[in-house]
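Have a look at the structure below, then the notes.
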Amino acid sequence: MSIFTSRDFDGHEAVHGFHDRKSGLKGFIAIHSTALGPGFGGCRMWTYESEDDAIADALRLSRGMSYKNALAGLAYGGGKAVIMGDPRKDKTPELFEAFGRAVDRLGGAYVTAEDVGVSVQDMMAASCTTKFVSGISGKTNGFSGGDPSPRTALGVFEGLRAATRIGLDRDVEGLTVAVQGLGSVGYNLATLLHDAGAKLIVADLSDDALKRAHRDFGAEVVMPRDILSADADILAPCALGGVLNAKSIPHLKAKVVAGAANNQLATSKDGETLMKHGITYAPDYVINAGGIISVAAEYEGASSEAEVQAQINEIGPRTQSLLKEAKRTGRPAAEIADERARALIGHGPAERAIAAE
Ligand code: NAD
C-alpha cells in the first residue's frame, strides 16, 4: 500500500490509521491541510473493498474539504475520516465511541461530523469520548445545528439556481431536473425544487424513496442506469462520486449540472469535456458547502439560524461569480474553483469577502 506515491496524494499533512479490537473499528483519518485551521470534515462509513480504496477515498475527500472550507470562507482546513464497514450491519455505539477516541488522540487537529453512512446518533456516541465533533446539537435556542443534510440541500439549491441563471438564462420554475439519489440531501433538494415549480425525474436504489417522491412531487421515476442521460434541463447528482466521466458526458441531455455528491468529476479533464459539450457545471464542493457551514457554526456556538442562513445564501453569488469568470475566460469552472481555493490555502486565513466576490 502506498500513500506518498498514490495518485490521490496531494501533499497531505497526515494520514492516520485507527483500530479498536473490541468493537471491530478500522479506518483512516486524512488531514490534507491545516493552513487555515484544524482539518474539519465528515466521517464516512462504507464497505470499502480494500484498505487502499479506503485510503484513496480519505485522501480525495480530505482535499475536497480543504477546498470547500477555504472557498466557503471558513477558518478550517480539510480533513476526513473513513470507517471500513457496512453501515447497515456493523454499527454499534461502542464502535463510534472508539472512533471518538481515535479523533480525540489527534488533539483537535481534526474535527469530525456526519457523512455518508453516519448518522446524528453515531456522532452522539462519538461525542461521549471526544469534544472534537459536531452535527449533534439539537439546541432549542439559538442555532439548532444537528443533521447537516437539510442545509447542504439549501446550499445546493442556491448554487443550482445560480448555475441555471448562467447556463439557461432563467430560474428553475417550469424546468425539468433529474435528481440522482434521494437520500438525506437529494430528498431535501427535490422538495425545494418541487416547491420552486420544477418538474422532477428521479432515480434511487430504494423503492420507498421513489414511491414517496412520486406521491409527494409527481416525480417521474427512471432506472438508476437511465438517470444521467434523462431528458432533463438540469442534472443534480446526489448519490455517488465519479459520475461525470468520458463515458457518461457525451450522453448527458441536461445543459446544467449541479448536485450534492462529492467528487463528481472522475478526472480534472472531465471539467473541460463538460465545457466542450456546452454544459454549465457548478463545482460540487462550491455548492455543497451548506452542511460544513452548519456543523462549523454549531461547533463554534453560532447564536442564530439567520446568521447561518446568511452564510449559506452566499453560495448563490459565489457560484455565479465563478461561472461568470468561466464564461468570460473560456476555462472550466472546476479549474478556476481549484485555483481560487489553492490560493486561499497558500496565502493565510480565508476571507469570506474574497470567496464571495
Ligand atoms: P445518503 O446515503 O443519505 O443518500 C444517497 C442516496 O443515493 C441513497 O438514497 C442511495 O440509495 C442513492 N444511490 C446510491 N447509488 C445510486 C445510484 N447508482 N443511482 C441512484 N441512486 C443511488 O447520502 P447523502 O448524505 O444524501 O449524500 C449524498 C451525496 O452528497 C454524497 O456524495 C455525499 O458525500 C454528498 N454530501 C453530503 C452532505 C450532507 O450534508 N449529507 C454534504 C456534502 C456532500
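The values are calculated or read from the model by the stated rules, or taken from the named source; none is laboratory data. Here the structure is a predicted model, which is why all the values come from computation and not from measurement. Quick reminder, even Gly has a Cβ in these numbers, built from the backbone with ideal geometry, and neighbours come from all protein chains shown. For accessibility, only protein heavy atoms count, side chains too; no ligands or nucleic acids. Shrake-Rupley method; radii C 1.70, N 1.55, O 1.52, S 1.80 Å.
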Query raised in the report: If a residue has to be free of Cβ contacts under 8 Å to residues at least 24 places away in the same chain and among the polar types (S, T, N, Q) to count, how many in region 1-47 make the cut?
Result: 2
Query raised in the report: Does A162 satisfy the condition of being in a loop (DSSP other than H, G, I, E, B), out of contact with any Phe, Trp or Tyr (no Cβ under 7 Å at 6 or more places or on another chain) and either more than 9 Å from the ligand (Cβ to nearest atom) or closer than 27 Å to S268 by Cβ (or both)?
Result: no
Query raised in the report: From the list K26, K22, which one is touching a helix residue (DSSP H, G or I) at 6+ places or on another chain (Cβ under 9 Å), in a strand (DSSP E or B) and basic (K, R)?
Result: K26
Requested in this report: Please enumerate the residues belonging to region 212-234 that are surrounded by fewer than 22 Cβ atoms within 10 Å (Cβ to Cβ), within 13 Å of the ligand (Cβ to nearest atom) and part of a helix (DSSP H, G or I).
Outcome: R212, P224, R225, D226
Report summary line: Note on region 183-197: residues open to solvent by 10 Å² or more (accessible area, probe 1.4 Å) and either among the acidic types (D, E) or in contact with a strand residue (DSSP E or B) (Cβ under 9 Å, 6 or more places away or on another chain) (or both) are S184, Y187, H194, D195
Query raised in the report: Tell me, which residue of region 2-25 that is open to solvent by 50 Å² or more (accessible area, probe 1.4 Å) and among the aromatic types (F, W, Y) is farthest from G79 (Cα to Cα)?
Result: F4
Query raised in the report: If you scan region 276-292, which residues turn out to be closer than 23 Å to P250 by Cα, touching a helix residue (DSSP H, G or I) at 6+ places or on another chain (Cβ under 7 Å) and either of a type in the set (V, I, T) or open to solvent by less than 20 Å² (accessible area, probe 1.4 Å) (or both)?
Result: T280, Y281, A282, P283
**Report entry** Residue satisfying condition, being under 23 Å from A260 (Cβ atoms) and at pLDDT 95 or above, within set V156, V116
**Finding:** V156
Report task. Go over the candidates D171, D208, D204 one by one and state the one that is open to solvent by 30 Å² or more (accessible area, probe 1.4 Å), under 27 Å from K276 (Cα atoms) and of a type outside the set (K, R). Result -> D171
Query raised in the report: Does D20 satisfy being among the acidic types (D, E) and within 16 Å of the ligand (Cβ to nearest atom)?
Result: no
Report summary line: The residue that is least open to solvent (accessible area, probe 1.4 Å), considering only those in region 42-60 that are out of contact with any helix residue (DSSP H, G or I) (no Cβ under 9 Å at 6 or more places or on another chain) and more than 14 Å from M84 (Cβ to Cβ), is L59
Query - Test set (1) farther than 21 Å from K247 by Cβ; (2) modelled with pLDDT of 95 or more; (3) within 10 Å of the ligand (Cβ to nearest atom) - P237 fails condition number - result: (1)
Query raised in the report: What is the number of the single condition among (1) within 13 Å of the ligand (Cβ to nearest atom); (2) modelled with pLDDT under 95; (3) more than 26 Å from G39 (Cβ to Cβ) that I201 does not meet?
Result: (2)
Query raised in the report: Which of the residues belonging to region 46-75 are in a loop (DSSP other than H, G, I, E, B) and more than 20 Å from G17 (Cβ to Cβ)?
Result: A72, G73, L74, A75
Query raised in the report: Could you say whether any residue in region 76-98 is part of a helix (DSSP H, G or I), within 16 Å of the ligand (Cβ to nearest atom) and among the acidic types (D, E)?
Result: no
**Report entry** Residues of region 144-168 classified as open to solvent by less than 20 Å² (accessible area, probe 1.4 Å) and among the charged types (D, E, K, R), total
**Finding:** 0
Query raised in the report: Residue check: is G271 within 14 Å of the ligand (Cβ to nearest atom) and open to solvent by less than 30 Å² (accessible area, probe 1.4 Å)?
Result: no
Query raised in the report: Of V179, V156, V172, V116, which residue is in contact (Cβ under 8 Å) with a residue 12 or more places away in the chain, touching a Lys or Arg at 6+ places or on another chain (Cβ under 7 Å) and either within 15 Å of the ligand (Cβ to nearest atom) or in a helix (DSSP H, G or I) (or both)?
Result: V116
Requested in this report: Return the total of residues in region 75-104 being over 20 Å from S50 (Cα atoms) and either open to solvent by 10 Å² or more (accessible area, probe 1.4 Å) or in contact with a Phe, Trp or Tyr (Cβ under 6 Å, 6 or more places away or on another chain) (or both).
Outcome: 11
